[in-house]
Amino acid sequence: MKLKDQVAIITGSGSGIGRAIAIAFAREGAKVVVTDINEESCLKVLAEVKKYSPKSMTMKSDVSRGDEVKKLVDITLDQYKKIDILVNNAGTGTVHFLEDIPEEDWDRIMSIDLKGVFLFSKMVGKVMIKQKRGNIINIASTSGHSPHLQGNAYSVAKAGVKMLTRLAALEWGRYNIRVNSISPGFVRTPGTEIVYSDPERHRKRAEVIPIKKIGTPEDIAKLALFLASDDSAYIHGEDIVIDGGFLTTLYQQIPPRPPNK
Ligand SMILES: NC(=O)c1ccc[n+]([C@@H]2O[C@H](COP(=O)([O-])OP(=O)(O)OC[C@H]3O[C@@H](n4cnc5c(N)ncnc54)[C@H](O)[C@@H]3O)[C@@H](O)[C@H]2O)c1
């Protein structure tokens, strides 16, 4: 078992990628703290996680609220006396061009997608500094690498998550805390079901991806497990793109060069 007896907090683990990471970590022996703003989904995922790791727990928390983050960290410590792994996965977005996005939507997305990563990293980071041991994995996005139309605050926040990852890696490496991020491309989850439930849109999106398929939450969970385990012991301050090659496709947009003479 790669994570035997390690304590892992996974934000937004009531659904999609977070849920898959929670299950993958539990199968490898971690005690998982399933946390999400949606209490009902937390309870459902906890039941799945407990099949593999009976000492796991759940608690609702809103990543954008410092008081709730602190409470969750305090209760986790009380329960397990340590925190080995933090996965900052909770995230959300909205579809608007820049000129149209309401200010409150911009603030909400920034406060979940970027400030939430900061708050959890800060509170858990303090614990990990004391322990002189820890591993933080942030879920960014290919949208933080390349702007997408109507990406607004989401793209900006995800680019910020990559920088926050590197900053924390620079400051906390000396405390034996590794920090990395993952940038998924297109993944079918409850959060993106509105996109992929239309078979034609699903097909068209898969078509532009070099390996011709949409990713699954389990694809991302396997990478998170690699980063959480000692198999990646010397990887630090990195962002790993997992997108079936989508970010390589920029040059497809232009007409090819004429043949050699
Ligand atoms: N699915 C994709 O194609 C894709 C691609 C790139 C990056 N991502 C990122 O992966 C992460 C997970 O996405 P997903 O597709 O699994 O989405 P999802 O909507 O299925 O799951 C996200 C979870 O986050 C929770 N959440 C939302 N706001 C919260 C808050 N304030 N506090 C705590 N929890 C909150 C939701 O309740 C939900 O359970 C997100 O950060 C997302 O930006 C997803």
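What follows draws every value from the coordinates through simple rules; no lab data is involved. Please read all numbers here as calculations on a predicted model, not as lab measurements. Every residue, glycine among them, receives a Cβ derived from its backbone with ideal geometry; neighbour counts consider all protein chains shown.
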**Report entry** Which listed residue, of Ile235, Ile220, Ile240, is under 26 Å from Ala169 (Cβ atoms), among the hydrophobic types (A, V, I, L, M, F, W, C) and in a loop (DSSP other than H, G, I, E, B)
**Finding:** Ile235
Query raised in the report: Taking region 187-217 only, how many residues are part of a loop (DSSP other than H, G, I, E, B), touching a helix residue (DSSP H, G or I) at 6+ places or on another chain (Cβ under 6 Å) and within 15 Å of the ligand (Cβ to nearest atom)?
Result: 5
Query raised in the report: If you go through region 9-22, how many residues are touching a helix residue (DSSP H, G or I) at 6+ places or on another chain (Cβ under 6 Å), part of a helix (DSSP H, G or I) and either of a type in the set (S, T, N, Q) or on the phi < 0 side of the Ramachandran plot (or both)?
Result: 5
Query raised in the report: Just a yes or no: is a residue in region 20-40 within 14 Å of the ligand (Cβ to nearest atom), out of contact with any Phe, Trp or Tyr (no Cβ under 7 Å at 6 or more places or on another chain) and among the hydroxyl-bearing types (Ser, Thr, Tyr)?
Result: yes
Query raised in the report: Only one residue in Val87, Val69 is more than 14 Å from Val7 (Cα to Cα) and either touching a residue at least 24 places away in the same chain (Cβ under 8 Å) or not hydrophobic (A, V, I, L, M, F, W, C) (or both). Which one?
Result: Val69
Requested in this report: Please determine, by comparing only the residues of region 164-186 that are within 16 Å of the ligand (Cβ to nearest atom) and outside any strand (DSSP E or B), which one is surrounded by the fewest Cβ atoms within 10 Å (Cβ to Cβ).
Outcome: Phe186
Report summary line: Of (1) buried (at least 16 other Cβ atoms within 10 Å of the Cβ); (2) in contact with a strand residue (DSSP E or B) (Cβ under 7 Å, 6 or more places away or on another chain), Ser229 satisfies every one except (2)
Requested in this report: Might you check whether a residue that is outside any loop (DSSP other than H, G, I, E, B), away from the ligand (no atom under 16 Å from the Cβ), over 18 Å from the mean Cα position of the chain (by Cα) and not small (Gly, Ala, Ser) occurs anywhere in region 81-102?
Outcome: no
**Report entry** Among (1) surrounded by fewer than 16 Cβ atoms within 10 Å (Cβ to Cβ); (2) under 20 Å from Ala224 (Cβ atoms); (3) of a type in the set (Ser, Thr, Tyr) - the single one Ser121 does not satisfy
**Finding:** (1)
Requested in this report: Please work out if Lys44 is surrounded by fewer than 18 Cβ atoms within 10 Å (Cβ to Cβ), assigned to a helix (DSSP H, G or I) and either in contact with a Pro (Cβ under 6 Å, 6 or more places away or on another chain) or of a type in the set (Lys, Arg) (or both).
Outcome: yes
